[in-house]
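Working notes, structure below.
The values are calculated or read from the model by the stated rules, or taken from the named source; none is laboratory data. Note that the structure is a prediction, hence the values are computed from the model and not measured. All Cβ positions, glycine included, derive from the backbone under ideal geometry; neighbour counts span all protein chains shown.
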Amino acid sequence: MKIVHAILLVVILMASCTNVNAEFAAKFDPYYSYLSYTTSFFPERAVAIGEELSEGRIYRELFVKSFIPGYLLTEFSYNPLPAIGGYVKQYTGDIYNSMTFTPTFNLIRSLSAGFEEPWALTFFLGEILGFKYAEEEPDYMGVGYSGFLLSYGDTHIKDNTFIGDSWLQGEWKIKGARFSEHQKLVWSFRIGGKYHGNPGIKSVYYFAFDRSRTDYGFHKFSFIKNAALSYQVDFDSQKFDAVRHYLLVSKKFPIADYRLAVKVELGFVWERSSKYAGVLKPADEGDRFQLIIRPNVEF
């Protein structure tokens, strides 16, 4: 908590400086919603000009710029459906149990699986790179982030049960989105570690990547277009054994007139029993597998 308080103090001091630019942003999503406040150390944002800028070059530009911090972003995020799944189990146990169809499949758990916390406070220090197709373009056609992130929360979610846990997460990441009239591309690469204050939850190191592509004018079947892939693997911080795999594959059905896409997401979460210890360790001592089904809408 001392680290979090110190960074909050830095944010307040920076926001009070007249030579620092600042902006707010917000987004609502059933699985990940946030409110953020960004302060910049320099008067002008770094901008990449040109439609021919390849995806590989974007990654290289962001990798280099991540070590020259120009921005501090403070974000409060909330995961609505994962949190609702916990509230349903906690306050309406009969309804929750009625959604159990097999010993390993509960519909509410399936809809809300994949998130280990209901909320987080995050600080990001790094570079933000704006994308424009031409110098005279008034608006940005995307933005990329690269740098170092620190997140904090006080609650862990296990099988839709809230568990007290002061956790701290640190990572290096490259993420962003680039869009045009006909396409939207979103990507994220992350490597880091997560410390759990609750002794019943193993602290881990992890690697994760996400890539999502939406082609509004394309309506045929394709493994690349109108598809997304998310994957994360967690390793025990002491033994370096894999204790958790998370995989989510999405197929999108775009509606070009409204610039949105209906998504069907399928995947799974696999957890080794050694991820938890003490009273949190599964009674059957076996590994756990949870199927994920998520209907969603992408704007």
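Of the numbered conditions (1) farther than 25 Å from Glu116 by Cα; (2) in contact with a His (Cβ under 8 Å, 6 or more places away or on another chain); (3) surrounded by 17 or more Cβ atoms within 10 Å (Cβ to Cβ); (4) not polar (S, T, N, Q), His196 satisfies every one except a single condition; which is it?
All conditions are met except number (1).
Please work out which residue is surrounded by the fewest Cβ atoms within 10 Å (Cβ to Cβ), limiting yourself to the stretch 221-232 and to residues that are over 19 Å from Phe299 (Cα atoms) and hydroxyl-bearing (Ser, Thr, Tyr).
Applying the filter and picking the extreme gives Ser222.
If you go through the stretch 71-111 one residue at a time, how many are among the hydrophobic types (A, V, I, L, M, F, W, C) and part of a loop (DSSP other than H, G, I, E, B)? Talk me through it step by step, then tell me what you get.
Filtering the stretch 71-111 for residues among the hydrophobic types (A, V, I, L, M, F, W, C) gives 72-73, 76, 81, 83-84, 88, 95, 99, 101, 105, 107-108, 111.
Then drop every residue that is not part of a loop (DSSP other than H, G, I, E, B), which leaves 99.
So the count comes out to 1.
Given (1) touching a helix residue (DSSP H, G or I) at 6+ places or on another chain (Cβ under 8 Å); (2) within 29 Å of Glu171 (Cα to Cα); (3) polar (S, T, N, Q), where does Asn79 come up short, assuming only one miss?
Single failed check for Asn79: (1).
From Phe235, Phe218, which residue is modelled with pLDDT under 95, surrounded by fewer than 19 Cβ atoms within 10 Å (Cβ to Cβ) and of a type outside the set (Asp, Glu)? First the steps, then the outcome.
On the way: Phe235 fails: modelled with pLDDT under 95.
It is Phe218.
Quick check: is even one residue across the stretch 112-124 touching a helix residue (DSSP H, G or I) at 6+ places or on another chain (Cβ under 9 Å), assigned to a helix (DSSP H, G or I) and either crowded, with 20+ Cβ neighbours inside 10 Å or not assigned by TED's automatic domain parsing to the domain that holds Arg288 (or both)?
Keep residues of the stretch 112-124 that are touching a helix residue (DSSP H, G or I) at 6+ places or on another chain (Cβ under 9 Å), which gives 112-119, 121, 123.
Now drop any that are not assigned to a helix (DSSP H, G or I), which leaves 112.
Still in the list and also either crowded, with 20+ Cβ neighbours inside 10 Å or not assigned by TED's automatic domain parsing to the domain that holds Arg288 (or both): 112.
Yes; the residues of the stretch 112-124 include at least one that is touching a helix residue (DSSP H, G or I) at 6+ places or on another chain (Cβ under 9 Å), assigned to a helix (DSSP H, G or I) and either crowded, with 20+ Cβ neighbours inside 10 Å or not assigned by TED's automatic domain parsing to the domain that holds Arg288 (or both).
Take the stretch 173-188 and flag every residue that is aliphatic (A, V, I, L, M) and surrounded by fewer than 19 Cβ atoms within 10 Å (Cβ to Cβ).
First, the residues of the stretch 173-188 that are aliphatic (A, V, I, L, M): 174, 177, 185-186.
Once the filter is applied, which keeps residues that are aliphatic (A, V, I, L, M) and surrounded by fewer than 19 Cβ atoms within 10 Å (Cβ to Cβ), the stretch 173-188 yields Ala177, Leu185, Val186.
Output the qualifying pairs, or none if there are none: Cβ atoms under 6 angstrom, residues six or more apart or on different chains, first residue in the stretch 81-98 and under 16 Å from Ala113 (Cβ atoms) and in contact (Cβ under 8 Å) with a residue 40 or more places away in the chain, second residue of a type in the set (S, T, N, Q) and assigned to a helix (DSSP H, G or I).
Leu81/Ser112; Pro82/Ser112; Gly85/Ser112
Would you confirm, using the coordinates I've provided, whether Ile191 is surrounded by fewer than 17 Cβ atoms within 10 Å (Cβ to Cβ), under 26 Å from Gly142 (Cβ atoms) and not assigned by TED's automatic domain parsing to the domain that holds Leu266?
For Ile191, the condition - surrounded by fewer than 17 Cβ atoms within 10 Å (Cβ to Cβ), under 26 Å from Gly142 (Cβ atoms) and not assigned by TED's automatic domain parsing to the domain that holds Leu266 - is met.
Please work out which one of (1) more than 21 Å from Glu117 (Cβ to Cβ); (2) of a type in the set (Gly, Ala, Ser); (3) in contact with a His (Cβ under 7 Å, 6 or more places away or on another chain) is the condition Ser250 fails and give its number.
Every listed condition holds for Ser250 apart from (3).
For the stretch 63-74: of the residues being buried (at least 17 other Cβ atoms within 10 Å of the Cβ) and at pLDDT below 80, which is nearest to Glu171 (Cα to Cα)? Please lay out each step first, then the result.
Taking the stretch 63-74 first, the residues buried (at least 17 other Cβ atoms within 10 Å of the Cβ) are 65-66, 70-74.
Subset that is at pLDDT below 80: 65-66.
Numbers: Lys65: 16, Ser66: 12 Å.
Step by step, filter the stretch 63-74, then rank; the result is Ser66.
Taking the condition of being farther than 18 Å from Gly153 by Cα and surrounded by 16 or more Cβ atoms within 10 Å (Cβ to Cβ), how many residues in the stretch 86-98 meet it? Spell out how you get there, then give the answer.
Looking only at the stretch 86-98, we keep the residues that are farther than 18 Å from Gly153 by Cα, and these are 88-98.
The next check asks that each one be surrounded by 16 or more Cβ atoms within 10 Å (Cβ to Cβ); those that pass are 88-89, 96.
Total meeting the criteria: 3.
Quickly run through the stretch 100-111 and pick out the residues that are touching a helix residue (DSSP H, G or I) at 6+ places or on another chain (Cβ under 9 Å) and either among the aromatic types (Phe, Trp, Tyr) or surrounded by 16 or more Cβ atoms within 10 Å (Cβ to Cβ) (or both).
Answer for the stretch 100-111, where residues must be touching a helix residue (DSSP H, G or I) at 6+ places or on another chain (Cβ under 9 Å) and either among the aromatic types (Phe, Trp, Tyr) or surrounded by 16 or more Cβ atoms within 10 Å (Cβ to Cβ) (or both): Phe101, Asn106, Ile108, Arg109, Leu111.
Which condition number does Thr161 fail, the rest of (1) in contact (Cβ under 8 Å) with a residue 40 or more places away in the chain; (2) exposed (fewer than 15 other Cβ atoms within 10 Å of the Cβ); (3) over 15 Å from Phe115 (Cβ atoms) being met?
If we test Thr161 against (1) in contact (Cβ under 8 Å) with a residue 40 or more places away in the chain; (2) exposed (fewer than 15 other Cβ atoms within 10 Å of the Cβ); (3) over 15 Å from Phe115 (Cβ atoms), just (3) comes out false.
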